[in-house]
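Structure first, then comments.
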Amino acid sequence: MKYSKLIKEMIRNFLLIFASIIIIIAILRQIYAPDASFELKTIFTIMAFSLLGALTGIILYTPHAISENKMRIRVILHFLFLEALLISLAFILNLVYNTFGTLLLALEIAAVYAIVRLLTYKNDKKEAQKINERLKTFKNEV
């Protein structure tokens, strides 16, 4: 994978993470706290956490192809590292105060991570189909 593609994926993941969090919060606030609004500090905090989440994607980077099992191990390590990093940061910034808050944050991180991985998987599947179609056309021409 080229560095330009890595940066492109990190930017895409940042935007996916940020948008997912904002959409989830907006829906939950409409259900549980319709009068609540987004403060600018909240938006910047979400942006910072989203950026950290996207930057940890460097763990998944490899300059050459690797086996599917090795990639799964990298995904698991990435998830665990991301959970530890974001929960630690939440403690440092006093955003989480008790065990319930920590568990809730861990579940929220897992939900957003699952959404991003699912969207990334679907995009990769589309790219693989395009490559297969090009290969088929190339074989037919030769």
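Calculate what fraction, in whole %, of the accessible area of the chain sits on carbon and sulfur atoms when a 1.4 Å probe is rolled over the protein chains.
69 percent
Compute the angle between helix 3-32 and the longest alpha-carbon principal axis of the chain, please, reported from 0 to 90 degrees and rounded to the nearest 10.
The helix 3-32 is inclined about 40 degrees to the chain.
If I fit a long axis through the Cα atoms of helix 68-92 and take the longest principal axis of the Cα atoms of the chain, what angle between them do I get, 0 to 90°, rounded to 10?
Long axis of 68-92 versus the principal axis of the chain: about 20 degrees.
Excluding same-chain residues fewer than 8 positions from K8, which lysines have a Cα within less than 29 Å of its Cα?
Candidates past the 8-residue exclusion: K41, K70, K122, K125, K126, K130, K136.
Which three extents, in whole angstrom, do the alpha-carbon atoms of segment 1-117 cover along their principal axes, largest first?
That works out to 50, 28, 24 Å along the principal axes.
In Å², and per residue, what accessible area does segment 1-118 have when probed at 1.4 Å with the other protein chains present? List each step's numbers first, then the result.
On the way: 8090 Å² over 118 residues.
Accessible area per residue: 69 Å².
Quote the relative contact order of the chain in percent (integer), defining contacts as alpha-carbon pairs under 8 Å separated by 6+ residues.
In percent, rounded to a whole number, it is 29.
The values are calculated or read from the model by the stated rules, or taken from the named source; none is laboratory data. Computed from a predicted model, the values in this text were never measured in an experiment. Surface areas here come from the heavy atoms of the whole protein model, side chains and all, with no ligands, DNA or RNA. Shrake-Rupley method; radii C 1.70, N 1.55, O 1.52, S 1.80 Å.
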